[in-house]
Amino acid sequence: MLTPEVPMSHSVAGEPPSAGRRAAPLTTAVYSAVEWDLLISLPGRVLVATAAPAPGRPERGVLAGLAGLDAVAAGRASDSDLVRAVVAAIYARHDGASPPAERLTDLVDLLAACRAASRVLGRRADPADSAAYRQWVQSVAARVCRAVPGPGERRVDQPATPADRRFLDRLGAALGLG
């Protein structure tokens, strides 16, 4: 089955962009619909998986979810065209499309999706955009981990627990961050 391509730059021939549209830099690649869906769904999957209860990790509350949403929205101010385009696509998505809830919190599946996104970015994205995207996704999880657990909703910016640090380390490794 052929999948439509999602253009992220002006044409290879170098024509100017269509009237009223800003051209993305030459370094921005073209992603298939499947690849683009992976890139725009990953930040939300990371947020949900990070906020989900797990052994050794505190119960997360509303503030943790809000911290994660704020971290996703912070991508609007990124220097990366790719990160800004992903955030715009997340906000523009009205179809309710997202992975089934049971897949959202499956750590093995999430880490596999992170590795797949890293491979796509390695093949298709400008290295700076790739790094910015992967760091931004990691920052979503880090912000959720630093937020206060649920009951009582105490102060924000708690230090990460050892289990949170292990989770963040595994996520960073899957994203190719170290």
Compare the peptides 57-64, 127-134 by average per-residue count of other Cβ atoms within 10 angstrom and give them in order, highest first.
127-134, 57-64
Asp79-Arg93 pseudo-label distance in nm [points 7 Å out on the Cα-to-Cβ vector]
2.7
Taking H as built 1.01 Å from N, whose amide H comes closer than 5 Å to the amide H of Ser32, not counting residues under 5 places away?
Val6
Tell me, what ³J(HN,Hα) does each residue in the range 57-65 have, in order and in whole Hz, if you take phi through Karplus 6.51 cos²θ - 1.76 cosθ + 1.60 with θ = phi - 60° and put x for Gly and Pro?
10, x, 5, 8, x, 4, 4, 5, x
Counting sequence-distant residues (5 or more places) and residues on other chains, those with an amide H built under 5 Å from that of Arg60 are Gly150
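Every number in this text was worked out from the coordinates using simple rules, so none of it is lab data. The structure presented is a predicted model; accordingly, all values stated were derived computationally and were not measured. No Cβ is skipped: glycine too gets one built from the backbone with ideal geometry, and neighbour counts run over all protein chains shown.
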